[in-house]
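J.: Below you will find the structure I want to go over with you.
The values are calculated or read from the model by the stated rules, or taken from the named source; none is laboratory data. Given the structure is predicted, the values throughout are model-derived calculations rather than measurements. Cβ atoms come from the backbone with ideal geometry, glycine included; neighbour counts cover every protein chain shown.
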Amino acid sequence: MRRETLTGSRIRERRLINGQKQADLARKAGISASYLNLIEHNRRRIGGKLLLDIASALGVEPMSLSEGAEAALLGALREVAAMHPVEQSELERVEEFAGRFPGWASLIEALAQRQSSLEQTVVSLTDRMTHDPQLAEALHDMLGAVTAIRSTSSILVETDKLEPEWQDRFHRNLNEDATRLTEGSQALVAYLNDETSEHQQVTTPQDEIEAFFQRHGYHFALLENGGSDTQAHDAIESMLENADDLLVSASARAQVKRLLIRYWSDAQAFGFDAMLDEVSNVGLEPASIAAKYNLDIGLVMRRFANVPGDVLRPLLQNSPYDIAEAGLGLAVCDSSGTLTMRKPLPRFALPRFGAACPLWSLYQALSRPLVALRERSQLSGRDGAPFETLAFAAPVSAPQFGAVPLLEAHMLMIPLSASGAAQNMEPLRPIGISCRICPRSECAGRREPSILAGGV
Amino acid sequence: MNKHVLLVEDEPNIIEAVSFLLSRDGWCVSTHSNGHDAADVIRAKQPDVLVLDVMLPGRSGFDILEDIRSEGACMDVPVLMLTARGQTKDRERAERLGATRFMTKPFSNAEIIETLHELSGP
């Protein structure tokens, strides 16, 4: 709220417009000039008969001096004071405060509104976790299966001379419950991973962005076909308009727009057909391809990640790779290590919140800019999937004397087949997704305890 | 004479395992698997101890407990409530409605046997 919208400021403004002296107006209103001065600087409250007298002396309607956002701002400040008690003596001077520091007062009001909005979000998310019927039912079902398995397996182990028919029956029950538990846990993971009900799950800008790219399979044919800047702009705007159901927040829309513009720019620099020809000829070799076309290695890696799996798979038939429908995974981060572009794979998840595994070659690349890293890794977990990762970091800011350049790192995740993983005698390097869900207890990179029981 | 326990639970494999376990421990076991008519069945069978799941098809274990505690022959029967949710508010609700004990799934065989012996008395 601007200072001029307060009553005292309006009186002063009107008086100056009229060309009246403060002393003259004060005399007409029956008050001292010093008191009017305090009023005009919003250091004294004004209302009732005095406001009517001053309005009359100024020749304006009283409402024109007092209506507006002032009451709303003062009400909001009093609400904030009620939530976070302040000294009574200071509370009584709220109008003076709003008058003297309108910018700070508006900031307090805005922060209070923001706090209220965030609190509401926390409440709704907590409520969802606590009362989500689908989640509750899934957990109940899984715990039922676990209870049956625990009880049945104890009987099988602890009961002497269990009759064969009972043994058979309990073995059958165990098999049933194990299957149910497997299906239940998979369904639960899919639900929490936003694979089954994307609309219900979208809660953060990052979720919205990921849901948008998943809907399109990380491939945008409209942006692959060349065309003018205007056509690309229209295509991007059209895609954004058709994603109102997913892109709810302004932040997500802005980030998606930026990523789509970059996609179009990448496609202009390195066409889809030329890329497929190169992959067919030399394989997944972004460094040599980038050198041949005078492109950034990161750009070539992004282009690889845009190729649908069913298009890529025939080109890599005699390779050690096992390309599924999703194609290749991609993680891009800035100098702080924050993931700015994420294309997870079914067996290589990327953390939604917090930092990822510090052992990723993505982060090694950040410490070794302009060095192309190729690594064979295995994810933690019982069925840890083998991957080859290609990572590269390069400056994104123009070099300046005395300034450290900002970096951007890319990591391409390529699933290895079982035979491909066994080709090299060197052991696969163990990596995880993030400490929270990594069972490896003995890890030099561990930042925090895992929520998974037991280590590997 | 063997003591009679009635197990009201909708998971067939839990029913089978717990029934087997309690039978081997010398109990006379009867079972029931839906919430609709559970209160009537409990009153009709008049068990020495009742094991009652909270989440049942048709009617919740809490409602059934409130019903049998309000009138009839089972107002004082010891009740062990089973639930997959171990939240404090569920425990408090069960206690308020008259549950004698509260057990969270998954439980061990030893736990349930020991608890039932305590509830059934000498």
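J.: Of all residues in segment A:361-371, count the ones that are surrounded by 17 or more Cβ atoms within 10 Å (Cβ to Cβ) and either more than 16 Å from A:P286 (Cα to Cα) or not hydroxyl-bearing (S, T, Y) (or both).
T.: Kept after step one, since they are surrounded by 17 or more Cβ atoms within 10 Å (Cβ to Cβ), are these residues of segment A:361-371: A:361-366.
The next check asks that each one be either more than 16 Å from A:P286 (Cα to Cα) or not hydroxyl-bearing (S, T, Y) (or both); those that pass are A:362-366.
The number of residues fulfilling the criteria is 5.
J.: What number goes with the only condition from (1) farther than 30 Å from B:P122 by Cβ; (2) touching a residue at least 24 places away in the same chain (Cβ under 8 Å) that B:D37 does not pass?
T.: All conditions are met except number (2).
J.: Continuing with the same structure: Test A:S66 against the criterion of being over 21 Å from A:R93 (Cβ atoms) and of a type in the set (G, A, S), and give yes or no.
T.: Taking the combined requirement at face value, the residue does not satisfy it.
J.: Would you check which residues across segment B:2-13 are modelled with pLDDT of 95 or more and either part of a helix (DSSP H, G or I) or of a type in the set (V, I, T) (or both) and list them?
T.: B:V5, B:V8
J.: So which of A:S336, A:S367, A:S361 is more than 24 Å from the chain's Cα centre (by Cα) and among the hydroxyl-bearing types (S, T, Y)? Quick ask: steps written out before the conclusion?
T.: On the way: A:S336 fails: more than 24 Å from the chain's Cα centre (by Cα); A:S361 fails: more than 24 Å from the chain's Cα centre (by Cα).
Criteria check complete, one pass: A:S367.
J.: A further question on this structure: Residues that are at pLDDT 75 or above, loosely packed, with under 13 Cβ neighbours inside 10 Å, assigned to a helix (DSSP H, G or I) and at negative phi: does segment A:152-161 have at least one? Working first, answer last.
T.: Going residue by residue through segment A:152-161, those that are at pLDDT 75 or above are A:152-161.
So of that shortlist, the ones also loosely packed, with under 13 Cβ neighbours inside 10 Å come out as A:157-158, A:160-161.
Then keep just the ones that are assigned to a helix (DSSP H, G or I); that gives A:157-158.
Right, trim to at negative phi and you get A:157-158.
There is at least one residue in segment A:152-161 that is at pLDDT 75 or above, loosely packed, with under 13 Cβ neighbours inside 10 Å, assigned to a helix (DSSP H, G or I) and at negative phi.
J.: Which of the residues that make up segment B:76-110 are surrounded by fewer than 12 Cβ atoms within 10 Å (Cβ to Cβ) and either over 15 Å from B:L6 (Cβ atoms) or in contact with an Asp or Glu (Cβ under 9 Å, 6 or more places away or on another chain) (or both)? Explain how you work it out, then say what you get.
T.: At the first step, the residues of segment B:76-110 found to be surrounded by fewer than 12 Cβ atoms within 10 Å (Cβ to Cβ) are B:76, B:87-89, B:92, B:96, B:110.
B:Q87, B:T88, B:K89, B:E92, B:R96, B:A110 - these are the residues of segment B:76-110 that are surrounded by fewer than 12 Cβ atoms within 10 Å (Cβ to Cβ) and either over 15 Å from B:L6 (Cβ atoms) or in contact with an Asp or Glu (Cβ under 9 Å, 6 or more places away or on another chain) (or both).
J.: Which residues, taken from segment A:318-347, are touching a Phe, Trp or Tyr at 6+ places or on another chain (Cβ under 9 Å), crowded, with 18+ Cβ neighbours inside 10 Å and farther than 14 Å from A:E210 by Cβ?
T.: Matches in segment A:318-347: A:G327, A:L328, A:C333, A:R347.
J.: Out of the residues in segment A:19-41 that are out of contact with any helix residue (DSSP H, G or I) (no Cβ under 6 Å at 6 or more places or on another chain) and not in a loop (DSSP other than H, G, I, E, B), which is nearest to A:G103 (Cα to Cα)?
T.: A:L38
J.: I'd like to check something: does segment A:232-239 contain any residue that is more than 19 Å from A:F213 (Cα to Cα) and aliphatic (A, V, I, L, M)? I'd like the intermediate steps shown before the answer.
T.: Taking segment A:232-239 first, the residues more than 19 Å from A:F213 (Cα to Cα) are none.
Taking every residue of segment A:232-239 in turn, none turns out to be more than 19 Å from A:F213 (Cα to Cα) and aliphatic (A, V, I, L, M).
J.: Here's a check for you: in segment A:423-446, which residue that is more than 12 Å from A:Q378 (Cβ to Cβ) and modelled with pLDDT of 85 or more is surrounded by the fewest Cβ atoms within 10 Å (Cβ to Cβ)?
T.: Among those residues, the one meeting the criterion is A:A444.
J.: Return only the number of the condition from (1) surrounded by 18 or more Cβ atoms within 10 Å (Cβ to Cβ); (2) more than 9 Å from every other protein chain (Cβ to nearest Cβ); (3) at pLDDT 85 or above that A:G184 does not satisfy.
T.: Among (1) surrounded by 18 or more Cβ atoms within 10 Å (Cβ to Cβ); (2) more than 9 Å from every other protein chain (Cβ to nearest Cβ); (3) at pLDDT 85 or above, A:G184 violates only (3).
J.: While we're here: Say we look at segment A:134-158 and pick out the residues that are at the interface with chain B (Cβ under 7 Å from one of its Cβ atoms) and β-branched (V, I, T); which of these is farthest from A:E183 (Cα to Cα)?
T.: By that ranking, first place goes to A:I155.
J.: Please verify whether B:I42 is more than 21 Å from B:T104 (Cβ to Cβ), free of Cβ contacts under 8 Å to residues at least 60 places away in the same chain, out of contact with any His (no Cβ under 7 Å at 6 or more places or on another chain) and surrounded by 21 or more Cβ atoms within 10 Å (Cβ to Cβ), treating the condition exactly as stated.
T.: Here the answer is yes, as B:I42 does meet what is asked.
J.: In addition: Quick one: which of B:M75, B:M55, B:M103, B:M81 is touching a Phe, Trp or Tyr at 6+ places or on another chain (Cβ under 6 Å) and of a type outside the set (G, A, S)? Break it down stepwise before answering.
T.: On the way: B:M75 fails: touching a Phe, Trp or Tyr at 6+ places or on another chain (Cβ under 6 Å); B:M55 fails: touching a Phe, Trp or Tyr at 6+ places or on another chain (Cβ under 6 Å); B:M103 fails: touching a Phe, Trp or Tyr at 6+ places or on another chain (Cβ under 6 Å).
One residue alone meets the criteria, B:M81.
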